[in-house]
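This report concerns only the one structure given below.
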Amino acid sequence: MSTIQSPHDRGKLRDLAVAVAAEAGELAAKGQEGITVLDTKSSPTDVVTEMDQATEELIRDRLLAARPDDAVLGEEGGGIEGTSGVRWVVDPIDGTVNYLYGSPDWGVAIAAEIDGEVVAAAVGVPARGQMFEAVLGEGARLDGRSLRAPDAVSLDQALVSTGFGYSADRRVHQARVLTEVIGHVRDIRRVGAASIDLTGLAVGRSNAYYERGLNLWDWAAPGLVATEAGVRLGGPDGGPPTGDLVIAARPGLYERLDALLAPLGADTDG
Ligand code: LIP
C-alpha cells in the first residue's frame, strides 16, 4: 500500500518530473549535434547513443537524490526496486533515430506510477522548447496552458499517426495493416516517436494514433498527457494499452479505429 495518496503529493511528483525532464532535455539537446551510434539493441537499426545513456543516468540520479526510496524503470538501464510504492518510468530520449538524424521530434518522458497506476507525467520536447505535464484527474498542460484535445472527427476525416517496430518481420506486417488502414482515413503520419504522437493528440496535431510493439516507457508519460486532455488510450480487445498494441483517439473515433484494426491483426506480427 502506498504512503502517497493525495493530489498534493501527485502534484509534487509532477513538479519533480518536470524539473528533471527540463534538465535532462538541456543535456540531451546540447549533445545532439555530431552524435553517433554507441550500440544496437533488438536489431541493427535499434540504436542507442551515448546521450541516451548519459541522459538516463542524470534522470535516475536526480530522481533518486530527491526520493531515494522510489523504484525506477528506464529504457536504457533497466529496473531498480524501491519501497515507497512510487515507480518512475523513464524514456531519456524517445525517438532516438530522429535524434540521431538531427530531427526536433524527440522527447524526454518521465512518468510516476503509484501502485502501478500512472499519476503524474512530464514530456519535454527540448528541440521545440516545449514541456507537457499532467496529473491524474487534474488535467494536462503545455507550457502552463491547459490542454483539451479537439473533438472526435469521423474516421474518413482522421489524420492517423502510427509507427513501426525495429524488427524487419514486424515492420512488414505493420506495413500490410497500414495498406488497409490508409484507404479509410484522411492520411497517415509516421513521426518516429510515440511521445510526440501521443502528446500531439492533446494539441490536435493528429486525431488518432496506433502502434504495435511499444514499451511502457514509450507511452506511460505521454499517455497520461493524452488521457488528461480527453483522449481514450487503450489496447487489444478493449483492454488497456500493452506492448501488443496501443490505440489512442478521442472517444467516438477511438472505437471506429479499434474496429478497423481488430480484424487486421494489428496486435500481432501477422
Ligand atoms: C521509438 C518509439 C516509436 C517507434 C520506434 C521506437 P525509441 O522509441 O517512440 O514510436 O515507432 O520504433 O520504439 O526506441 O526511440 O525510444
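Please treat every number below as a calculation from the coordinates, not as lab data. Being a predicted model, the structure only gives us computed values, none of them experimental. Glycine also receives a Cβ, built like all others from the backbone with ideal geometry; neighbour counts cover every protein chain displayed.
Okay, here's what the table says:
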{"quantity": "Residues D267, D218 arranged by fewest to most Cβ contacts within 10 Å", "calculated": "D267, D218"}
{"quantity": "Only Lys, Arg (+1) and Asp, Glu (-1) charged, at Cβ; the chain dipole about Cα centre in debye", "calculated": "800"}
{"quantity": "Pairwise FRET efficiency - A19 versus T242, Cβ, R0 = 35 Å, nearest 0.05", "calculated": "0.70"}
{"quantity": "Average Cα contact separation per residue, region 1-104, under 8 Å, 6 or more apart, as relative contact order %", "calculated": "26"}
{"quantity": "Bridge type composition, region 155-264 - antiparallel percent by DSSP, nearest 5", "calculated": "55"}
{"quantity": "Rounded tilt (10° steps) of 216-228 against the dominant C-alpha axis of the chain", "calculated": "80"}
{"quantity": "The chain, helix-only ellipticity at 222 nm - DSSP H runs n ≥ 4, -39,500 (n - 2.57), divided by all residues, nearest 500", "calculated": "-10500 deg cm²/dmol"}
{"quantity": "Inter-probe distance in nm under a simple model that places probes 7 Å from Cα toward Cβ, at T40 and D151", "calculated": "4.9"}
{"quantity": "The chain: relative contact order as a whole-number percent, Cα under 8 Å and 6+ apart", "calculated": "17"}
{"quantity": "Relative contact order, percent, region 96-245 [alpha-carbon distance under 8 Å, six or more residues apart]", "calculated": "27"}
{"quantity": "For the chain, Kirkwood radius (reciprocal of mean inverse C-alpha pair distance, Å)", "calculated": "18.4"}
{"quantity": "Protection proxy ranking, peptides 123-131, 101-109, average beta carbon neighbours within 10 Å, highest first", "calculated": "101-109, 123-131"}
{"quantity": "Zone residues, region 234-270, relative to V172, backbone N less than 16 Å from point 7 Å out along Cα-to-Cβ", "calculated": "268-270"}
{"quantity": "Net charge over other residues, Cβ less than 11 angstrom from the Cβ of I35 (K, R count +1; D, E count -1)", "calculated": "-2"}
{"quantity": "Between region 39-116 and region 237-270, the alpha-carbon center distance in angstrom", "calculated": "26"}
